[in-house]
1. Can you name the residue in region 176-190 that is surrounded by 15 or more Cβ atoms within 10 Å (Cβ to Cβ) and modelled with pLDDT of 75 or more and, of all such residues, is nearest to Glu263 (Cα to Cα)?
2. In region 264-280, which residue that is hydroxyl-bearing (Ser, Thr, Tyr) and not in a strand (DSSP E or B) is least open to solvent (accessible area, probe 1.4 Å)?
3. Quickly run through region 198-210 and pick out the residues that are part of a helix (DSSP H, G or I) and either over 38 Å from the mean Cα position of the chain (by Cα) or touching a residue at least 24 places away in the same chain (Cβ under 8 Å) (or both).
4. Is it true that Arg213 is at pLDDT 95 or above, basic (Lys, Arg) and open to solvent by 10 Å² or more (accessible area, probe 1.4 Å)?
5. Restricting attention to region 331-373, and to residues there that are out of contact with any helix residue (DSSP H, G or I) (no Cβ under 6 Å at 6 or more places or on another chain) and of a type in the set (S, T, N, Q), which single residue is modelled with the lowest pLDDT?
6. Could you list, in sequence order, the residues of region 211-239 that are under 24 Å from Ser127 (Cα atoms), part of a helix (DSSP H, G or I) and over 26 Å from the mean Cα position of the chain (by Cα)?
7. Give the residues of region 91-130 that are among the charged types (D, E, K, R) and either open to solvent by less than 60 Å² (accessible area, probe 1.4 Å) or outside any helix (DSSP H, G or I) (or both), sorted by residue number.
8. Identify the residue in region 281-301 that is outside any strand (DSSP E or B) and of a type in the set (Val, Ile, Thr) and, among all such residues, is surrounded by the fewest Cβ atoms within 10 Å (Cβ to Cβ).
Amino acid sequence: MKHFLILTFLLLSKLAAQVGPNACPATQTPDGKGKMRFHTWYQINCETEDTWGTDFTAMKSLGFDCVALWNIIPSGTVQWDFTEIARNVPTTKRAIQAAHNAGLRVFLGIWNPSNMGPVAEAHQVRSSKGENLMRPNIYSEAWQQAFWIPYLNGLKQNFGECPGFAGIVFDDAVACSDDAGIAFSYTAEDEQRFAKFLEATYHSINNFNLQYRRYDNAYGSFSEIKPPKPPWQSAKLWKDWMLARGEWSKGFAEATRLALGREMEIIYIDYDYYVDRSSIAYGHNITRMMESFERYGVYIAQEFSLMSQSDLLTNVRRVIAEQKGVVPTGKLHFCTWLNGLKHYEPMPPDLVRTLLLTIVHEGITDITLYPYKVHDSHVRGADRGGMTNRAPRTKLSFKYNPEMREAIKVAIAACHASSE
């Protein structure tokens, strides 16, 4: 008995050491129901640092539990750099501390594939049109080793022990459209990995030729086989190409988790427009990726002024139903704008409440409302100082809309009441 107690004590001590003092709080209650959390986004370099404390305290008073911090460096071109929140360590640490002082859990928005700053040509996406795009080929193992893993290691080292730090957020995680020039990647590394995937799948080139009915003009080796560019080139080869890329997306997620460890929560958010296309045109396998991440959230920017309330809520339910087919309910997250997409007109207060109650009624209890404060993207010019003091977008930011803040406070309270 004595030996059993000693062994049990040692095992529990080991588990406690693995979790660590800053491990994310459980998002499940003892009865298995999700713990309700409300998040918002906040760009730290819109205004001077002395505004942070007041802003974070105001967020908490509205009912927000968590905040995703951003430090975005605009430039004179279309290229943006979202890595500043991880690279400008002193400024970010002060922002985390200020949010923690207000009682908020902090996530860092570290990723948008189209906005990661300059990308070395060797690691850029090669489109099906033969163009290189200024965005990383995220499935590239060479890019992961050269940039992604060191980037994550630095983030863990610099912020992992900060009080209040909870994890990271991926925004617009794939960002693809109907344009094939954006969706695909055809680098030499992609082609070589595809050949290896086919060999691992079919084992011999003769078996591949048999399965593809290549009796005439048979392939002599897997290296001869190139990824299809339009799907109609070969439906079967396109399926294999998407399956291969699905495996690579799983590998990307696994490498991310390994670099960060188990202490950080990873929230993966993708705009609903991209979700519908990413698996079809890019091979992105969200289900396999979510084996490594905690939360998957669909991100919606609703044009509520152009549709009836009934249509809006029907669309929200439809998107959530699709989301439930991808990941377990316990991993669901939902992110929505509360402004119109074109003119940023605020959503009517009654609709804010109805929308949030609908989301909660559909079983989602982890919700992001965009945004408490974000900069005005019309302001141009590069500045890597970390505090660019760029004009905030007052039409979009909750901070500058008292009526919206009150509507959010009432709606969050109603959601909590509905779950009791």
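1. Here the answer is Cys176.
2. Within region 264-280, the first condition is being hydroxyl-bearing (Ser, Thr, Tyr), and the residues that meet it are 268, 271, 273-274, 278-279.
Now drop any that are not not in a strand (DSSP E or B), which leaves 273-274, 278-279.
Values: Tyr273: 79, Tyr274: 45, Ser278: 1, Ser279: 60 Å².
The extreme case among them is Ser278.
3. Let us first name the residues in region 198-210 that are part of a helix (DSSP H, G or I), namely 198-202, 205-210.
Across region 198-210, the qualifying residues are Leu198, Thr201, Ile205, Asn206, Asn207, Asn209, Leu210.
4. Values: at pLDDT 95 or above: no; basic (Lys, Arg): yes; open to solvent by 10 Å² or more (accessible area, probe 1.4 Å): yes.
The answer is no for Arg213.
5. Checking each candidate, the answer is Asn339.
6. Looking only at region 211-239, we keep the residues that are under 24 Å from Ser127 (Cα atoms), and these are 222-239.
Now restrict to residues that are part of a helix (DSSP H, G or I): 222-224, 231-233, 235-239.
Listed by number, the residues that qualify are Phe222, Ser223, Glu224, Pro231, Trp232, Gln233, Ala235, Lys236, Leu237, Trp238.
7. First, the residues of region 91-130 that are among the charged types (D, E, K, R): 93-94, 105, 121, 126, 129.
Those that are among the charged types (D, E, K, R) and either open to solvent by less than 60 Å² (accessible area, probe 1.4 Å) or outside any helix (DSSP H, G or I) (or both): Arg105, Arg126, Lys129.
8. In the first step, residues of region 281-301 are kept if they are outside any strand (DSSP E or B); the result is 281-294, 301.
Still in the list and also of a type in the set (Val, Ile, Thr): 286-287.
Working: Ile286: 22, Thr287: 15.
Applying the filter and picking the extreme gives Thr287.
The values are calculated or read from the model by the stated rules, or taken from the named source; none is laboratory data. Keep in mind that this is a model prediction, so the values were computed, not measured. A quick note on method: Cβ atoms are made from the backbone with ideal geometry, for glycine too, and the neighbour counts reach across all protein chains shown. These accessible areas exclude ligands, DNA and RNA; they are computed on the full protein's heavy atoms, side chains included. Shrake-Rupley method; radii C 1.70, N 1.55, O 1.52, S 1.80 Å.
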